[in-house]
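The structure under discussion appears below in the form of structure tokens.
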Amino acid sequence: MIPVRGLQFQYALHELPAGRWAYRRWRWELWHGPTLHATGWCATEGGADRALRTYAAKNAHRFFGLGAPGIEAMPELSGAPLTPGAAARFSTGAVEYLLVPRGLDTGDGHLATTG
């Protein structure tokens, strides 16, 4: 199978300030250009990281019209956590994509986000 390459998503992953209850929450966002594709929050940074990766993989497959059955069980999604502020390349199934922090300069003179 020939891999599909060249897709780039932007992400935001940060701890939310303490609210009414004193427990930690992590917010994540998945963007493609100016479009927000998914967002949520988790009680742990690892949970937010995994949710971000899972939604990125699902959206990457959907972008190319491919089905992604059983994507939650893929070992690529449970690897080392994203380093906040760092870009990471992933390959899930036949799709390769890049996760770039929102607002990061991509090196070609453009920001990773347009919104």
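In table form, for the structure just shown:
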item: Cα-based shape type of the range 4-101, given that a ≥ b ≥ c are square roots of the gyration tensor eigenvalues and the cut on a/c is 1.5; result: prolate
item: Antiparallel DSSP beta bridges within the range 4-101, as percent of all bridges there, nearest 5; result: 75 percent
item: Karplus-derived HN-Hα couplings along the range 84-97 (A = 6.51, B = -1.76, C = 1.60, θ = phi - 60°), whole Hz, x at Gly and Pro; result: x, x, 10, 8, 9, 9, 10, 9, 10, x, 9, 10, 10, 8
item: Residue order, fewest to most beta carbons within 10 Å, for PHE9, PHE90, PHE63; result: PHE63, PHE90, PHE9
item: Calculated from backbone phi, Karplus (6.51, -1.76, 1.60) coupling profile of the range 31-38 in Hz, x at Gly/Pro; result: 10, 10, x, x, 9, 7, 8, 7
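We did not get these values from a lab; they are worked out from the coordinates using the rules stated. Owing to the predicted nature of the structure, the values given are computational and were not obtained by experimental measurement. FYI the Cβ positions are ideal-geometry reconstructions off the backbone, even for glycines, and counts take in every protein chain you see.
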